[in-house]
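Data first, discussion second: the structure below is written as structure tokens.
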Amino acid sequence: MAYLGTPGSTIQILKKYNFVFQKKYGQNFLVDTHILEKIIAASDISKEDCVLEIGPGIGTMTQYLAECAREVTAVEIDRALIPILEDTLSAYDNVTIINKDILKVDIGRLAEERNGGRPLKVVANLPYYITTPIIMGLFESGVPLDCVTIMVQKEVAERMQVGPGTKDYGALSLAVQYYAKPEIIMQVSPACFMPKPNVGSAVIRLARHAAAPVDVEDERYMFSIIRASFNQRRKTLVNGLANAAELQISKEEAAEALEQMGLAPTVRGESLTLSQFARLSNILTHKKQKNKKI
Ligand code: SAM
């Protein structure tokens, strides 16, 4: 078994298996041991931990993870990579490879079977084309998670971390910050990958909150409000909410709710904090309940 993580060892494996990169799967393999070591250090893995890796590629980071974790489950969509992974990971008896689309994996069941329902740690150099569905799928499904350490497109990492009043602030920032504390660990240059992506990358760690940071009565409704507020960024919040049919809120109700919170009717969604969205959601939930009773 060869150790991976350098351009030379990666090229050797790719040639041995005549591997052809699939652009549609976002395949950019890490070829920098320095970056790999930093990701492993940031993910804070010990021999107690059960790790889920999303998209192991040829198994580069999987080798590092297998050395420090008790157990690693790696989910890879590309069938052509499975014989390669069997080769590059042959020295480890603590790695399980699943050939599946991560969006179709029952991760709750996986945590139950592999870790007795205790929280998993997720580590991944994500395929960028499905970053948001993967992250939201992990959090919204209620899977027991400890922390998620992932490589994503640089701009997406920034969007996850920013607060109100900045142009990058949006539904993704609020969703991530509702579930976890985000921390950008480092920026990563395209030169650290093979082939080089045409965007910059960053490693971000999302440490799951032990308890939700705000009191919200109907989580799903709050997220519908958040999505509606950012769908039409240039519109006022009142118009954004009234235009979202599924919310069933009139302009008057939206304006009343804002007034109750001491906010102007001309306010835009991008200036509200997570706790203000939670309060708005609670006020509108009560209004809906009252309307139903009448
Ligand atoms: N972890 C490897 C590394 O760092 O060198 C590869 C990272 S590469 C950016 C993303 C990997 O995710 C590829 O191996 C790709 O085939 C895989 N992938 C893409 N879509 C996937 C999906 N829906 N489910 C599971 N794996 C996927």
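The values are calculated or read from the model by the stated rules, or taken from the named source; none is laboratory data. It should be emphasised that the depicted structure is a prediction, and the values quoted were computed from it without experimental measurement. All Cβ positions, even for glycine, are placed from backbone atoms using ideal geometry, and neighbour counts span all protein chains on display. For accessibility, only protein heavy atoms count, side chains too; no ligands or nucleic acids. Shrake-Rupley method; radii C 1.70, N 1.55, O 1.52, S 1.80 Å.
Residues in the range 154-294 average 52 Å² of solvent-accessible surface per residue, probe 1.4 Å, ligands and nucleic acids excluded.
What translational diffusion coefficient, in µm²/s and rounded to a whole number, does the Stokes-Einstein relation yield for the range 80-216 at 20 °C and a viscosity of 1.002 mPa s, taking the hydrodynamic radius as the Kirkwood radius over Cα pairs? My calculation gives 130 µm²/s for D. Measuring nothing but protein heavy atoms, the accessible surface of the range 1-100 at 1.4 Å probe radius is 51 percent carbon and sulfur. Relative to its Kirkwood radius, the Cα radius of gyration of the range 136-193 gives an Rg/Rh of 0.99. Per residue, the range 29-76 exposes 30 Å² of solvent-accessible protein surface, assessed with a 1.4 angstrom probe and all protein chains in place.
Stokes-Einstein diffusion for the range 79-161, with the hydrodynamic radius set to the Kirkwood value over Cα pairs and evaluated at 4 °C in a medium of 1.567 mPa s, equals 90 µm²/s. Per-residue surface analysis assigns residue 34 an accessible area of about 110 Å², computed on protein heavy atoms at 1.4 Å probe radius.
Apply the a/c threshold of 1.5 to the C-alpha gyration tensor of the range 1-152 and tell me whether it is rounded, prolate or oblate. Taking the square roots of the gyration eigenvalues as a ≥ b ≥ c, the range 1-152 is prolate. Take the solvent-accessible surface of the protein heavy atoms, probe 1.4 Å, and return the percent of it on the range 155-294 that carbon and sulfur atoms account for. Answer for the range 155-294 is 48 percent, counting heavy atoms of protein chains only.
All Cα-Cα separations within the chain were binned at 5 Å from zero, giving a P(r) of 1, 5, 12, 15, 16, 14, 11, 9, 7, 6, 4, 2, 1, 0, 0, each value a whole percent of the pairs.
Pair-distance distribution of the range 154-285: all C-alpha pairs, bin width 5 Å, starting at 0; shares per bin in whole percent are 2, 11, 18, 20, 16, 12, 8, 6, 4, 2, 1.
Over all other residues within a Cβ to Cβ distance under 14 Å of residue 26, the charged ones net out to 0, with Lys and Arg as +1 and Asp and Glu as -1.
What the Cα convex hull of the range 176-250 gives, in volume per residue, is 153 Å³.
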